[in-house]
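Read the figures in this text as sums done on the coordinates, not as results from a lab. This one's a predicted model, so the numbers in the text were calculated from it and none came from an experiment. Cβ atoms come from the backbone with ideal geometry, glycine included; neighbour counts cover every protein chain shown.
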Amino acid sequence: MSNATRFFRRNAVAYMFLTPWLIGFFVLTLYPMFYSLRLSFTDYDFTKPDATQWIGLGNYQKMFGSLFGQSEFVASTGKAMRVDRYYIKSLSVTFTYVFVSVPLKLIFALAIAILMNQRLRGVSFYRAVYYVPTLLGGSVAIAVLWRKLFEKEGLVNEFLGALGFTNLPGWITDPRYSLWTLILLSVWQFGSSMIIFLAGLKQIPQEYYEAASVDGAGKVRQFFAITIPLLSPVILFNLVMQMIGAFQSFTQAYIIGGGRGGVLNSTLFYTLHMYIQGWTYHQMGYASAMAWVLLIIIGLLTAVIFLSSKWWVSYGTGE
Amino acid sequence: MGPGNNKTSTVVRHTLTHIFIIALGLVMIYPIAWMIVSSFKPNNLIFSDPGLIPKAVTFENYITGWKGYAGTSFGRFFANSLVMCAVAIVGNLISCSMAAYAFARLRFVGRSFWFAVMMTTLMLPGHITLVPRYILFNTFDWVGSYRPILVPKFLATDAFFVFLLVQFMRSLPKELEEAAIIDGCGKVGVFLRIILPLAFPALVTTALFTFLWTWDDFFNHLLYLTRPETFTVSRALRTFVGDAGAVSNWGGALAMSTLSIIPAFVLFFSLQRYFVQGITTTGLKG
C-alpha cells in the first residue's frame, strides 16, 4: 500500500465514524442557526409562510422598543408593527431568576460539600439523599407537586400556620412571591454542583490544611486561602454551566404558570415567552429573533465570566 | 487540628455534622416523601393533612389517575415513554460512541477543528435551533410522531455524551489496541472488540442520563407530540394542570407523579456510582 492510499484510508475510516455526528451538526445545528438568523429579520408566521416579508430589524425593535417609550412603529418595509409589551418583563423575570438562583445554589452546594468532605461515615448515602431533588426536580411531577405545596391551602402554609403565622399568601398565585417559589425550586436542586464540588475538594491535599494550621491559620483563613483558590476552576465551571442552564429553564415555569406566565406575568420566563410567541401565536420569525438575543446574552455573560476569571481563578497550583 | 484533645473534639464535631446533615436532608426530602404518602390519602384529606402518616389509606387515586386523559390510560403513556427512552438510548450509544472513538483514538485531517466545533455545540443553547428544526420537521411531516425527538439521537446531537465518552476513551491504555492491530484487526474491529467493551462504564453513564433526560424532557414532548395516544408520561402529567393552572384531580395527579418518578429512583439507587462518574468526569476535566 502506498503512503497516499494509507493516508486516504486512515482519513476515510475516521470520517466514517464521524459521519452521524457530522450530519447532525450540519443538518440540525449549523443550517438551523443560519436559517433562524434569516427568519429573525422576517415576519414569518407559521400558519402563512407564503406571506413572509423581510422586515429588517423590526423584530428587534419589537423587543426593545418599549424601552424608548414606543408602542407602535413602522418597520423599514413600511409594515406597521406593535411593540411587545411583555418582552422586557420576561427579560427582567429571567435575569432575576438567574442572578438570584445560581449564586444561592452554588453557595449551598459548596457549603454542603465542605460539610460532607470530612471523613464521615455514610457520606455516600448522604450524598445520594441530597442528590434526589436534583434527580427529580426537572420533571413535570415535581412541578405539579410544587404547585400543591405552595398554594394558599398547601403544605407550606399548613406548617407556617402551625408556627403561628397568619394572613399567609398563596405563594404561587401572588405575583410578589411566585417567582421566588421557582427560585427556591431551583436552589433545592443543588445536587450536581455539590457532587462536583465534593470531587474537587477531595483533590485538595490534606497537607495544605495541616501546614496552614501549624502556621496558626484558623478555619476561616484556611477556607479563603486554600479551599477557595484551589477550588476556583471548579467554581468557574459550575457557575458557567448553571448560568447557561438557568437561562433556558422552561418546564417548571410552564407547569406552575399553567402554560402561561403566571399571575401578572410574574413567572414569564424568557423561553416561556418565546414558546408562546412562536407556538401559540405562530410568530416564528419573532421567536427566532428572541432566540438570537438570548444566545447573545448568554454568550456575553459567559465571556465576562471567563475574562473575569483571570482575577479570581487560579490554575497550576498543587500537581 | 492539634494533637491531645483532638479525638473527643472530632467525635463531637462529627456527631453535630451528622445531626445537621440528617436534619437538613429530612427537610429536603420531605416534599417528595409527602407526595408519595399523600398519593395514598383520600382526596379530601390531601388538603388538610400535612403529616407523613396517613389517617386513611386508599388506592382510589391510582385508579382514577390511571384512567389518564382523553380515553388513553397511563399504561399507554408509560409504554410510550419506555419505548421512546429505549430507542433514544440505542441512538445515543451508537452515534456518540462512534464520534467519540474518532475524536479520542483516530488521527485524521481536521480533528482538532471538528473537536473544537463539537465543544462549542456543547455550550450552545438549544433554543437557537428550535424554530428552524420545527419548520424542518414539519416539512418532513414528522410533527406528531417520535421522529423529531428520536432521529437527532442517532446523529449524536447530545454533544455532552460525545464529550463524556471522549474523556473516557482517551484514558484507555494504548497497548491493547496496538496488539489488536498487529493481530490484523482493523479500526472497526478495534472499536467493536476493544474500545467498546473497555468503555462499558462510560456507556452505562450515557445510557443512564439519556434515559433520565428523555423521560423527564417536557419541552420537546410539548412541541412535537400532538395526539393523546402518543403522549409520554411527562406530557400526560401536564394534562392534570389546567390552562389557568388549576388542578382538577389532585389525588390522581400526585399518584401518577409518584409512579412517574419510580424509574429514576430505581436506576439512581442501583447504579449510583455511574451517576457520580458522569457528573464528575465531565465536570472536573472540563
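If A:LYS79 satisfies all but one of (1) under 23 Å from B:PRO132 (Cβ atoms); (2) under 34 Å from the mean Cα position of the chain (by Cα); (3) more than 14 Å from chain B (Cβ to nearest Cβ), what's the number of the condition it fails?
So A:LYS79 meets the others, but not (2).
Quickly run through the range B:255-268 and pick out the residues that are facing chain A (nearest Cβ under 7 Å) and not polar (S, T, N, Q).
Matches in the range B:255-268: B:ILE261, B:ALA264, B:PHE268.
When you go through A:LEU264, A:LEU230 one by one, which is the residue that is under 26 Å from the mean Cα position of the chain (by Cα), under 23 Å from A:MET194 (Cα atoms) and either in a helix (DSSP H, G or I) or within 12 Å of chain B (Cβ to nearest Cβ) (or both)?
It is A:LEU230.
Residue under question is B:GLY126, and the condition is that it be facing another protein chain (nearest Cβ under 10 Å), surrounded by fewer than 20 Cβ atoms within 10 Å (Cβ to Cβ) and out of contact with any Pro (no Cβ under 6 Å at 6 or more places or on another chain); does it hold?
yes
At positive phi, surrounded by fewer than 18 Cβ atoms within 10 Å (Cβ to Cβ) and among the aliphatic types (A, V, I, L, M), is that true of A:LEU264?
yes
If a residue has to be farther than 18 Å from B:PRO50 by Cα, surrounded by 14 or more Cβ atoms within 10 Å (Cβ to Cβ) and over 28 Å from the mean Cα position of the chain (by Cα) to count, how many in the range A:121-178 make the cut?
The qualifying residues number 1.
Counting only residues that are within 11 Å of another protein chain (Cβ to nearest Cβ) and within 9 Å of the chain's Cα centre (by Cα), how many does the range B:210-228 have?
Matching residues across the range B:210-228 total 5.
In the list B:VAL247, B:VAL204, which residue meets the criterion of being surrounded by fewer than 21 Cβ atoms within 10 Å (Cβ to Cβ), touching a residue at least 40 places away in the same chain (Cβ under 8 Å) and β-branched (Val, Ile, Thr)?
Testing whether each residue is surrounded by fewer than 21 Cβ atoms within 10 Å (Cβ to Cβ), touching a residue at least 40 places away in the same chain (Cβ under 8 Å) and β-branched (Val, Ile, Thr) leaves just B:VAL204.
Which of the numbered conditions does B:SER38 fail, given that it passes all the others? Conditions: (1) within 14 Å of another protein chain (Cβ to nearest Cβ); (2) over 22 Å from A:VAL156 (Cα atoms).
Just one mismatch for B:SER38, condition (2).
I need the full set of residues from the range B:182-209 which are part of a loop (DSSP other than H, G, I, E, B) and within 13 Å of another protein chain (Cβ to nearest Cβ), in order please.
B:CYS185, B:GLY186
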